[in-house]
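Note sheet for the following structure.
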Amino acid sequence: MTNKIILLALCWLFTSVSHALGYKNIKMGASYDETVMALKTEFGEPSMTDQQLMNYKNVELFGAKWDTVDFRFVGGKLAEVRCFSYQKNKSQAITRLNSAVQGLKKEYDMTCDYEEDGSIFYTGGVSPKGIGHLFTLFVSPLQGAWSTQLRFGPFRF
């Protein structure tokens, strides 16, 4: 009987932790209504919203400033979060990436690797499915400039 209780407690703990985005009450897989309440409490009114997307401008997450953050919903559940910071060149994007790493590593275990072109990227956390990473942090060309991007998901629920 004791083993069953311990097993149930561990399953509950794993489920609770694995769905956390790691920021306040925002959780991957949460319902649209639950997520909207949490986002409005934390960030106020969004710049744009519909049933598939909530967009915020000039948001601070994990100690880094992001020019735009998109919260994307699939089937009425939070499935993806994408954070963008725009810079003029790759060097500035890497500097911003390094700043984001400092905040994220306070919350998550992270690993780094290199793209074929030598660009560094980071992955971390555990996905809500328990297999794979929760997020990827990288630099990339975007719309004629450079960006630092933090991507949670997309996950299927």
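The values are calculated or read from the model by the stated rules, or taken from the named source; none is laboratory data. Because the structure is a prediction, the values reported are computed rather than measured. Glycine also receives a Cβ, built like all others from the backbone with ideal geometry; neighbour counts cover every protein chain displayed. Heads up: the accessible areas ignore ligands, DNA and RNA and are worked out on the full protein's heavy atoms, side chains in. Shrake-Rupley method; radii C 1.70, N 1.55, O 1.52, S 1.80 Å.
Going by what's in this entry, would Glu116 be described as part of a loop (DSSP other than H, G, I, E, B) and modelled with pLDDT of 90 or more?
yes
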**OP:** Would you point out which residue out of Tyr122, Tyr114, Tyr108 is out of contact with any Asp or Glu (no Cβ under 9 Å at 6 or more places or on another chain) and open to solvent by less than 50 Å² (accessible area, probe 1.4 Å)?
**Re:** Tyr108
Original post:
Are there any pairs, at least 6 apart or on different chains, whose C-beta atoms fall under 6 Å, with the first in the range 80-99 and closer than 17 Å to Phe135 by Cβ and the second of a type in the set (Lys, Arg), and if so, which?
Top reply: Glu80/Arg72; Arg82/Arg151; Ser85/Arg96
**OP:** Name the single residue, out of those in the range 127-150 being under 11 Å from the mean Cα position of the chain (by Cα) and more than 15 Å from Cys83 (Cβ to Cβ), that is modelled with the lowest pLDDT.
**Re:** Ser127
Original post:
Within the range 43-102, how many residues are under 20 Å from Val139 (Cβ atoms), outside any helix (DSSP H, G or I) and open to solvent by 60 Å² or more (accessible area, probe 1.4 Å)?
Top reply: 6
Original post:
Pairs under 9 Å by beta carbon, first residue on the phi > 0 side of the Ramachandran plot in the range 39-63, partner loosely packed, with under 11 Cβ neighbours inside 10 Å, six or more apart or different chains?
Top reply: Phe62/Lys106; Gly63/Lys106
Original post:
Tally time: how many residues in the range 65-103 are among the acidic types (Asp, Glu) and in contact with a Gly (Cβ under 7 Å, 6 or more places away or on another chain)?
Top reply: 1
**OP:** Among residues belonging to the range 46-74 that are over 30 Å from Lys88 (Cβ atoms) and modelled with pLDDT of 95 or more, point out the one that is nearest to the chain's Cα centre (by Cα).
**Re:** Phe73
Original post:
Which of the residues that make up the range 64-79 are free of Cβ contacts under 8 Å to residues at least 60 places away in the same chain and not aliphatic (A, V, I, L, M)?
Top reply: Lys65, Asp67, Thr68, Asp70, Phe71, Phe73, Gly76
